[in-house]
Amino acid sequence: MIADYHVHSGWSDGQGTAAELLAAAAALGLPEIGIADHLVHPSLGYGMPPERLPAYAAAMRRAAAAARSAGLLVAVEVDYTPETWAELAAPLSQAGLDYVIGSVHFVDGAPFDVEAREVDERWPDADVLFTRYYDHVARLAASGAVDVIGHLDLPKKFGQRPSAAAGAAAEVALDAIAAACVLVEINTSGLRSPAAEAYPAATLLAGARARGIGITFGSDAHRPQEVGASFAHAEELARSVGYTTYVRPSDRAQVRLP
Ligand code: ZN
Ligand code: FE
Ligand code: FE
């Protein structure tokens, strides 16, 4: 079984404690999980503000020490916006985290992944949204403060797809990810959304593979029942573009796909 490196707990917007999430992982036979609760700027109004990071890390470290049948890595999913990044990234290196997932959920000051209506109102042209989004991803990767890029093509969540024109921006983002030696995750939450497809799409993942970018796997579980969700599908997707290993984000160890 493949480790799940993107799980949320009650420390942000997930349901379940570390112990409950670990029990779910153990029941599936996963070797380990990484809990990566949302670390967000207080102005964005959800998830953990930076002041809670030390208490979160300490509580997760205690849960990791108590973990028996599945291991626990301690991480965050940090939210990138150009305006808030310097302030959010500063405490990351001192927090004693095993790794950091960097994600873009906001473009032009608004979340594009909450409801489809907002996408239509603010970004009537999908290419505008995708191009802005990939520009943010490239800057996030180049910041050097994250180990993994979360759900690489998240703007497709409500079924919007970019045209070939936005492909250039995606290529720039992939180049930046490769240059910074950042990993990309196969995030199965897209299968539970209207997009009905994992993040990233196979063509993007093939682009990552061509650049030698390593992968992790994440369910983006917000409930214990979602830990490891659709991982057989994710493994098939990885294999379909040529991956035979994934990467443990804490020490960059290569792990063979089962
Ligand atoms: Zn969340
Ligand atoms: Fe996310
Ligand atoms: Fe997440």
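The values are calculated or read from the model by the stated rules, or taken from the named source; none is laboratory data. Here the structure is a predicted model, which is why all the values come from computation and not from measurement. Please note: Cβ atoms are built from the backbone with ideal geometry, for glycine as well, and neighbour counts cover all protein chains shown. Protein only, heavy atoms only, side chains kept; ligands, DNA and RNA dropped before computing areas. Shrake-Rupley method; radii C 1.70, N 1.55, O 1.52, S 1.80 Å.
Observations on the structure shown:
- Scanning region 1-44 for residues that are on the phi > 0 side of the Ramachandran plot and within 16 Å of ligand 3 (Cβ to nearest atom) turns up just one, 16.
- Among the residues of region 141-169, those that are open to solvent by 10 Å² or more (accessible area, probe 1.4 Å) and among the small types (Gly, Ala, Ser) comprise 142, 143, 144, 145, 159, 163, 164, 165, 167, 168, 169.
- Filter pass, residue 23 being small (Gly, Ala, Ser), closer than 18 Å to residue 96 by Cα, assigned to a helix (DSSP H, G or I) and away from ligand 2 (no atom under 16 Å from the Cβ): no
- Residue in region 217-229 that is over 20 Å from residue 37 (Cβ atoms) and not in a loop (DSSP other than H, G, I, E, B) present: no
- Checked against the criterion of being within 16 Å of ligand 1 (Cβ to nearest atom) and surrounded by fewer than 17 Cβ atoms within 10 Å (Cβ to Cβ), the candidates 114, 104 yield just one match: 114.
- Residue under evaluation residue 184, criteria (1) among the hydrophobic types (A, V, I, L, M, F, W, C); (2) closer than 17 Å to residue 107 by Cβ; (3) not in a helix (DSSP H, G or I), criterion not met: (2)
- Answer from 189, 219, 193 - the residue that is open to solvent by less than 10 Å² (accessible area, probe 1.4 Å) and within 16 Å of ligand 1 (Cβ to nearest atom): 219
- Any chance residue 37 is closer than 19 Å to residue 111 by Cα and crowded, with 22+ Cβ neighbours inside 10 Å: yes
- Residues being within 16 Å of ligand 3 (Cβ to nearest atom) and at positive phi - total across region 218-250: 3
- When residue 180 is tested against the conditions (1) more than 14 Å from ligand 2 (Cβ to nearest atom); (2) crowded, with 16+ Cβ neighbours inside 10 Å; (3) at pLDDT below 95, the lone failure is (3).
- Checking every residue in region 66-73 against the condition of being within 16 Å of ligand 3 (Cβ to nearest atom), assigned to a helix (DSSP H, G or I) and open to solvent by less than 40 Å² (accessible area, probe 1.4 Å) gives zero matches.
- Cβ pairs under 6 Å, 6+ apart, first in region 138-151 and more than 14 Å from residue 100 (Cβ to Cβ), second away from ligand 1 (no atom under 16 Å from the Cβ) and open to solvent by less than 10 Å² (accessible area, probe 1.4 Å): 138/173
- Filter result for the condition that a residue is farther than 21 Å from residue 161 by Cα and in contact with a Gly (Cβ under 7 Å, 6 or more places away or on another chain), over 209, 239: 209
- Every pair of residues 6+ apart whose Cβ atoms lie under 8 Å, when the first sits in region 65-81 and is at pLDDT 95 or above while the second is open to solvent by less than 10 Å² (accessible area, probe 1.4 Å) and among the charged types (D, E, K, R): 76/37; 77/37
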